Each structure stands twice: as structure tokens, then as C-alpha cells.
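The values are calculated or read from the model by the stated rules, or taken from the named source; none is laboratory data. Here the structure is a predicted model, which means the values were calculated and not measured. Every residue, glycine among them, receives a Cβ derived from its backbone with ideal geometry; neighbour counts consider all protein chains shown. For the accessible areas, the whole protein counts, side chains as well, though only heavy atoms, and no ligand, DNA or RNA atoms are used. Shrake-Rupley method; radii C 1.70, N 1.55, O 1.52, S 1.80 Å.
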Amino acid sequence: MQIKNNQALCMTSLASSDAKLELSCVLHHRNNHSDAGLPHLLAMHYNEKRDTDLSPITILGAFINIGDFIMKNVTLGRTGICVPQNGFGALPIQRDSLEESVKILRKAYDGGIRFFDTARAYSDSEEKLGAAFGDGYVKREDIIIATKTGAKTPEEFWQHLETSLAKLKTDYIDIYQFHLMGQCWKPGDGSGMYECMQQAKDQGKIRHIGGTAHKLGVAIELAKSGLYETVQYPMSYLATEKEIDLIHLCNKNNVGFICMKGLAGGLITNSKAAMAFASQFDGLVPIWGIQRESELDEWLSYMDNTPVMDDEIRAFIESERNDLMGDFCRGCGYCMPCSVGIQINQCNRMILMLRRAPSDSWLNDYWQAEMNKIDDCIHCGACLSKCPYELDIPNLLKKNLEDYREVLAGNRKVK
Ligand code: SF4
Ligand code: SF4
């Protein structure tokens with residue numbers, strides 16, 4: 001059997017009589033054989049190490065104990081797609097060079113990540129995925145590619161789909177999603193959009209139909225419609241009970257849940273707590289936005305040591321929720337561009353950014369000039385209808401500016 005990188009490291013440790021260690025070796029096999037069940041994995045392991053002094057029962061018992069700490073595979077509803085519960089969100093690699101992106105994406109695959117989510121709207125992200133995986137580095141069927149179209153007409157739909165296929169260097173997309181849906185497209189609604197999805201599926205260009213939404217009402221409609229096999233929605237440990245109910249609704253309706261913005265657009269800095277939150281659910285794959293190798297390393301470290309929700313993490317999340325709940329800007333940028341050029345997605349959460357990370361970089365001349373633009377707001381309202389969280393943007397901006405000036409004046413202390 002061919003064993004890659006981290007798997008090989010583990011297999012050298014088999015002299016230990018520690019059952020948990022042996023099992024972690026068995027589980028490493030799973031990264032390369034995601035379709036294999038436990039009995040098959042155990043058999044593969046025993047074929048390589050016949051001199052173990054541990055009985056299969058001991059190993060199985062240890063598996064049950066260790067099962068809480070290793071990354072589980074989850075099935076995305078009726079798509080039947082089964083992947084480790086640790087996905088790659090490929091929006092941020094837009095900001096990396098091609099070379100760096102390819103390196104990060106391949107390292108993610110080598111580390112066991114199998115689910116990659118991108119979008120036509122993420123500039124060259126699809127192209128970078130194509131460069132990383134489209135030239136034979138992986139077998140196409142060994143990865144899951146989800147991408148999105150923001151098309152509003154059937155003509156645009158086909159243009160987007162053909163472009164995505166070409167950029168991704170693939171013949172098919174595993175999950176094709178309508179991007180940021182403002183309404184639930186249905187067959188016969190006159191738009192022709194859902195029919196495009198059906199036709200693309202019939203042609204074998206896509207395998208499954210999904211939708212992404214930032215508005216809870218739309219996401220609920222998608223989940224109940226029976227038309228969408230996956231729903232992608234922002235979900236973090238700051239979510240409300242109503243939002244968490246959406247996961248249960250998807251589970252009930254056998255709809256896969258793709259969880260975006262698991263770090264609430266940068267407000268959450270504790271990846272361990274974010275992972276522990278996500279790992280509580282079935283049928284859910286989080287797609288962590290990854291730009292840097294160090295971020296990837298952090299997510300990969302959870303492959304073998306998945307955080308579980310315990311009293312300590314629960315208490316931490318509770319205190320975070322108390323600090324952050326309410327009307328806060330997630331930084332998604334859907335309200336932009338602003339009529340007078342205010343960087344709403346950053347300026348509107350400055351109060352939080354100053355307090356959740358070292359503040360120096362937010363207090364420099366550049367950001368002072370950007371924050372001062374808030375004074376130019378003409379209250380045109382152009383941003384209001386575009387905010388999925390229905391924030392009162394002009395007033396929230398004003399609050400952020402007042403606080404910023406107090407901090408600059410030294411009247412309020414931040415990190
Ligand atoms: S209301 Fe203010 S912040 Fe919103 S788009 Fe208009 S000028 Fe920009
Ligand atoms: S104001 Fe709303 S739409 Fe704009 S960045 Fe913040 S959360 Fe997103």
C-alpha cells in the first residue's frame with residue numbers, strides 16, 4: 001500500500017503498545033481511503049502489522065474512546081458526499097500568488113482536506129484550484145469541488161458554468177450553487193434558472209444542486225423546497241438559536257449544510273472553539289477561509305485532534321456571545337460599494353476589531369483617513385437593502401467613528 005507523508009510517520013510508530021496510537025494509524029488510512037469503512041481500515045492496518053499484541057476487540061474499544069477526538073467524516077445530506085468535517089474555503093486565496101495558492105491547496109489535500117469551495121465571483125480562485133488539482137496531482141474523484149454562480153439569467157448561467165469548468169480544469173462540478181440567493185429559484189417560476197441547473201445535471205456537468213444565502217428566510221425556503229441538495233449559510237458559535245435550527249431543518253430534510261463564515265468574518269479568533277462548535281453537528285461541513293499556510297496548519301492540526309465541546313469551551317463561547325451578540329457587522333461587504341467610498345465592511349466593525357486583536361494597525365494614518373470618511377455619509381440608503389443582517393448601517397458607522405475617536409484621544413483603552 002502506498003502511504004503518504006503524515007500517514008507514513010504514523011506507521012513507523014507501531015512498536016508502541018498504545019492502542020490509541022495504533023488506532024490513530026488506522027484512522028490515518030482513512031485520509032487516503034475516504035470510502036473505506038472501519039472494518040476495511042482495520043484490515044488494511046493488520047495486513048501491514050501482523051505482530052501487534054493487541055486484539056481487534058481492544059483496538060475497537062480504543063476506537064470508541066478515541067472516536068471523540070479524531071476528525072469525523074460527515075455525509076452531506078442526500079448528495080451522499082462523505083468528507084472529513086474540515087473544508088477549505090477558497091475565497092481568500094485570491095490574495096495569494098498563484099504559486100503560494102497551489103502550494104497551500106496541495107498541502108491541504110495532503111493533510112486530508114477533501115472539500116474545496118470556491119465561486120465564479122472570487123476572481124482567480126477557481127483558476128488556482130484548477131492549477132493545483134487539474135493537472136493530475138489528485139484523482140478528480142478524490143476531491144469535492146463546490147463552486148457558485150451569481151447568474152441572474154439562463155444565458156449568464158451557461159457562460160458562468162462553462163467558464164468555471166474551464167478554469168477548474170474539470171469536466172464536472174460536484175456541487176453547483178446559486179450564489180447569495182435573494183429568492184428560491186423553482187421550476188416553472190418563469191426565470192428558467194432552476195431548469196438550467198436540472199439541464200446541467202442531466203448533461204453531467206454538475207452532480208448536485210445547491211444554494212447559498214445570507215438571509216435566514218431564504219435559507220429555510222431552500223432547505224424545505226426539496227429542490228436543493230445543499231444549503232450554504234453563515235454559521236458560527238455566535239449564531240442565534242433560530243439559525244442553529246436551520247442545521248436541524250437541513251438534517252431532517254436530508255439537505256447537506258455547508259457552513260461559511262465559521263469565524264464570523266474575522267471576529268472569532270479561537271479556531272479551537274469554532275471547530276468544537278462545528279463538530280457537534282452531523283451533515284455539516286465547515287469551509288474555513290484560508291489564505292496563509294499558518295492558518296491551514298491550524299485547521300490541519302485538528303484532523304487528528306478534533307476539539308470537542310467541553311465545559312471549558314462552552315464557558316468561553318458563552319462569554320464571547322455575551323460580548324458580541326446583537327447588531328454587529330460581519331464584514332461580508334455585500335452592502336458595498338458605498339456611494340461616497342466608505343469601506344463599510346471594515347469601518348462598521350472597528351469597535352470590535354480594536355478590541356479583539358492588537359489595535360496598532362487599525363489606528364494608523366490610513367485607517368484614520370478611512371474612518372474619517374464616515375463623516376461624508378449622505379444617508380442615501382443605498383447600502384441598507386443590501387445588508388443581509390438588516391443593520392442600520394449609517395448609525396452603526398457613526399457609533400464606530402465616535403468610539404474610534406475616543407480611542408485615538410486616549411479616553412478609551414484597547415489592546
Ligand atoms: S447611506 Fe451612507 S454608508 Fe450607506 S451607501 Fe449611502 S453614503 Fe454610504
Ligand atoms: S453592514 Fe451588513 S452587508 Fe455591510 S459588511 Fe456589514 S454585515 Fe455585511
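Structure summary
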read-out: Subset of region 318-330 that is surrounded by fewer than 19 Cβ atoms within 10 Å (Cβ to Cβ) and in a loop (DSSP other than H, G, I, E, B) - its residue that is farthest from ligand 2 (Cβ to nearest atom); value: Met325
read-out: Verdict on Ser191 being touching a residue at least 40 places away in the same chain (Cβ under 8 Å) and more than 18 Å from Cys387 (Cβ to Cβ); value: no
read-out: Pairs where the first residue, in region 373-385, is among the β-branched types (Val, Ile, Thr) and the second is part of a helix (DSSP H, G or I) and near ligand 1 (Cβ under 7 Å from one of its atoms), C-beta under 7 Å, 6+ apart; value: Ile374/Leu397
read-out: Unmet requirement for Ala315, which otherwise passes all of (1) assigned to a helix (DSSP H, G or I); (2) within 16 Å of ligand 2 (Cβ to nearest atom); value: (2)
read-out: Set Pro358, Pro337: member being part of a loop (DSSP other than H, G, I, E, B) and free of Cβ contacts under 8 Å to residues at least 12 places away in the same chain; value: Pro337
read-out: Hey, Ile393 in contact (Cβ under 8 Å) with a residue 24 or more places away in the chain, within 12 Å of ligand 1 (Cβ to nearest atom) and either farther than 28 Å from Tyr122 by Cα or open to solvent by less than 30 Å² (accessible area, probe 1.4 Å) (or both) or not; value: yes
read-out: Residue under evaluation Thr147, criteria (1) touching a Ser or Thr at 6+ places or on another chain (Cβ under 7 Å); (2) open to solvent by 10 Å² or more (accessible area, probe 1.4 Å); (3) under 20 Å from Gly80 (Cβ atoms); (4) not aliphatic (A, V, I, L, M), criterion not met; value: (2)
read-out: Positions within region 250-271 being within 27 Å of Lys201 (Cβ to Cβ) and either open to solvent by less than 30 Å² (accessible area, probe 1.4 Å) or in contact with a Cys (Cβ under 7 Å, 6 or more places away or on another chain) (or both), in sequence order; value: Cys250, Val255, Gly256, Phe257, Ile258, Cys259, Met260
read-out: Cross-chain or 6+ apart pairs with Cβ under 8 Å, region 287-310 first and within 17 Å of Ala90 (Cβ to Cβ) and of a type in the set (Lys, Arg), then in a helix (DSSP H, G or I) and modelled with pLDDT of 95 or more; value: Arg292/Ile104
read-out: So Met181, is it in contact (Cβ under 8 Å) with a residue 12 or more places away in the chain, buried (at least 23 other Cβ atoms within 10 Å of the Cβ), in a loop (DSSP other than H, G, I, E, B) and not hydroxyl-bearing (Ser, Thr, Tyr); value: yes
read-out: Output for region 348-369, where each listed residue is touching a helix residue (DSSP H, G or I) at 6+ places or on another chain (Cβ under 6 Å), open to solvent by less than 40 Å² (accessible area, probe 1.4 Å) and either at pLDDT 95 or above or within 13 Å of ligand 2 (Cβ to nearest atom) (or both); value: Asn348, Met350, Met353
read-out: Tally, over region 132-142, of residues that are surrounded by fewer than 24 Cβ atoms within 10 Å (Cβ to Cβ) and closer than 12 Å to Ala90 by Cβ; value: 1
read-out: Region 370-390: number of residues that are more than 13 Å from ligand 2 (Cβ to nearest atom) and among the basic types (Lys, Arg); value: 1
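Conditions tested, residue by residue: (1) surrounded by fewer than 23 Cβ atoms within 10 Å (Cβ to Cβ); (2) of a type in the set (A, V, I, L, M, F, W, C); (3) without any contact (Cβ under 8 Å) to a residue 60 or more places away in the chain; (4) farther than 22 Å from Cys184 by Cα.
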residue: Pro92; (1), (2), (3), (4): yes, no, no, yes
residue: Arg95; (1), (2), (3), (4): yes, no, no, yes
residue: Ile113; (1), (2), (3), (4): no, yes, no, yes
residue: Arg120; (1), (2), (3), (4): yes, no, yes, no
residue: Thr153; (1), (2), (3), (4): yes, no, yes, no
